[in-house]
Amino acid sequence: MTSTEHHDPKVPMPDQLPSSPVSDTATPTSGEDHNPATVFTVRDLNVYYGDFRAVVDVGLDVFEREITAFIGPSGCGKSTVLRCFNRMNDLIDIARVEGQLLFHDIDLYHPDVDPVAVRRRIGMVFQKPNPFPKSIFDNVAYGPKIAGIGGDLDEIVETSLKGAGLWNEVKDRLDKSALGLSGGQQQRLCIARAIAVQPDVLLMDEPCSALDPIATGTIEELMREMKSQYTIVIVTHNMQQAARVSDRTAFFTAEADEATGQRRGKLVEYDDTGLIFSTPKDERTEAYITGRFG
């Protein structure tokens, strides 16, 4: 289903993916004075659905304890690239990934790496809230139970709900159905469920697109608070949101293949968010952020 070129990776056993940085080989694209650890190293990443190459030659680095935003028009491959980071594309039979994608210098697509272990270290929050038809408590406790995480389950649930900014709103009704929560509360519950298994990274695929402005503001504030503990990568169609919450922004676009006419995703520019929105280097980036296309 999936294949990559391998570049002398350090290969862990399935449950030995690192929980702390082991490499600082990459440098920030923006030339900032600080030198954050590199969490993901992406080089020549191509994603295929059958014979169709949907994403072409993506290369970027994602840094620890930062929020990285992927922006661009529909069909530009930003969500496809995001799903590569925790091997969610493995679940699509016709998907194939080629290139290099390292997590703390470990090749995520090496045959000896267990994708389930990858998803424990690299959690994901989806576009629409998807709570289980269980109690609020059981939603958060489910992951630690399945993963065999030791410790007091009550404490894990409380800590996770506090980390997602939801504890005070639900602490007196933990036995009630999660489906009775509002949309914004459900999304924060999904964040609590994701962090309950103690990941290093949170991937967020348009987490606010189904929420109202007040709930969106709550999630954005939560992201800013959470980046002190987690590396966050977010896909968003909302450029203002990217400008508000992210440290770095990658702009993707879709370009037609000369031979087939099919549109393929391509990374155009990646830099500090402030620079992307004030002085982009590529005219395509400027055209998108000023609303001339997209």
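The values are calculated or read from the model by the stated rules, or taken from the named source; none is laboratory data. Keep in mind that this is a model prediction, so the values were computed, not measured. Every residue, glycine among them, receives a Cβ derived from its backbone with ideal geometry; neighbour counts consider all protein chains shown. All accessible areas refer to the heavy atoms of the entire protein, side chains included, with ligands and DNA or RNA removed. Shrake-Rupley method; radii C 1.70, N 1.55, O 1.52, S 1.80 Å.
Whether any residue in segment 75-83 is at pLDDT 95 or above and of a type in the set (A, V, I, L, M) is what I want to check. Yes, the conditions are met somewhere in segment 75-83. Among all residues of segment 111-130, there is none that is farther than 30 Å from F40 by Cα and either outside any strand (DSSP E or B) or open to solvent by 20 Å² or more (accessible area, probe 1.4 Å) (or both).
Here are some residues: Y288, Y270. Which one is open to solvent by less than 50 Å² (accessible area, probe 1.4 Å) and in contact with a Leu (Cβ under 9 Å, 6 or more places away or on another chain)?
Working: Y288 fails: in contact with a Leu (Cβ under 9 Å, 6 or more places away or on another chain).
The conditions single out Y270.
Of everything in segment 258-267 that is touching a residue at least 40 places away in the same chain (Cβ under 8 Å) and either assigned to a strand (DSSP E or B) or not polar (S, T, N, Q) (or both), the residue that is most open to solvent (accessible area, probe 1.4 Å) is R263.
Going residue by residue through segment 281-291, is there one that turns out to be closer than 18 Å to V62 by Cα and touching a residue at least 24 places away in the same chain (Cβ under 8 Å)? Checked against the condition, which is being closer than 18 Å to V62 by Cα and touching a residue at least 24 places away in the same chain (Cβ under 8 Å), segment 281-291 yields no hits at all. Out of the residues in segment 146-165 meeting the condition of being surrounded by fewer than 18 Cβ atoms within 10 Å (Cβ to Cβ) and in a loop (DSSP other than H, G, I, E, B), tell me which one is modelled with the highest pLDDT. In this case the residue turns out to be D152. Taking residues in segment 133-157 that are more than 18 Å from G180 (Cβ to Cβ), and partners anywhere that are surrounded by fewer than 15 Cβ atoms within 10 Å (Cβ to Cβ) and of a type in the set (K, R), the pairs with Cβ atoms closer than 8 Å and at least 6 places apart or on different chains are L153/K145.
As a summary of the residue check, T249 satisfies the conditions (1) of a type in the set (S, T, Y); (2) surrounded by 14 or more Cβ atoms within 10 Å (Cβ to Cβ); (3) out of contact with any helix residue (DSSP H, G or I) (no Cβ under 7 Å at 6 or more places or on another chain) except for the one numbered (3).
Does V42 count as of a type in the set (V, I, T), closer than 22 Å to D105 by Cα, in contact with a Phe, Trp or Tyr (Cβ under 8 Å, 6 or more places away or on another chain) and part of a strand (DSSP E or B)? No.
For (1) among the charged types (D, E, K, R); (2) in contact with a helix residue (DSSP H, G or I) (Cβ under 7 Å, 6 or more places away or on another chain); (3) within 16 Å of D200 (Cα to Cα), each residue gets a yes or a no:
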{"site": "R120", "(1), (2), (3)": "yes, yes, yes"}
{"site": "Q127", "(1), (2), (3)": "no, no, no"}
{"site": "K134", "(1), (2), (3)": "yes, yes, no"}
{"site": "N139", "(1), (2), (3)": "no, yes, no"}
{"site": "G150", "(1), (2), (3)": "no, no, no"}
{"site": "L161", "(1), (2), (3)": "no, yes, no"}
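In summary, helices (runs of 4 or more DSSP H) completely within segment 166-246 and bearing 3 or more residues that are touching a residue at least 24 places away in the same chain (Cβ under 8 Å) and surrounded by fewer than 20 Cβ atoms within 10 Å (Cβ to Cβ) occur at 213-226.
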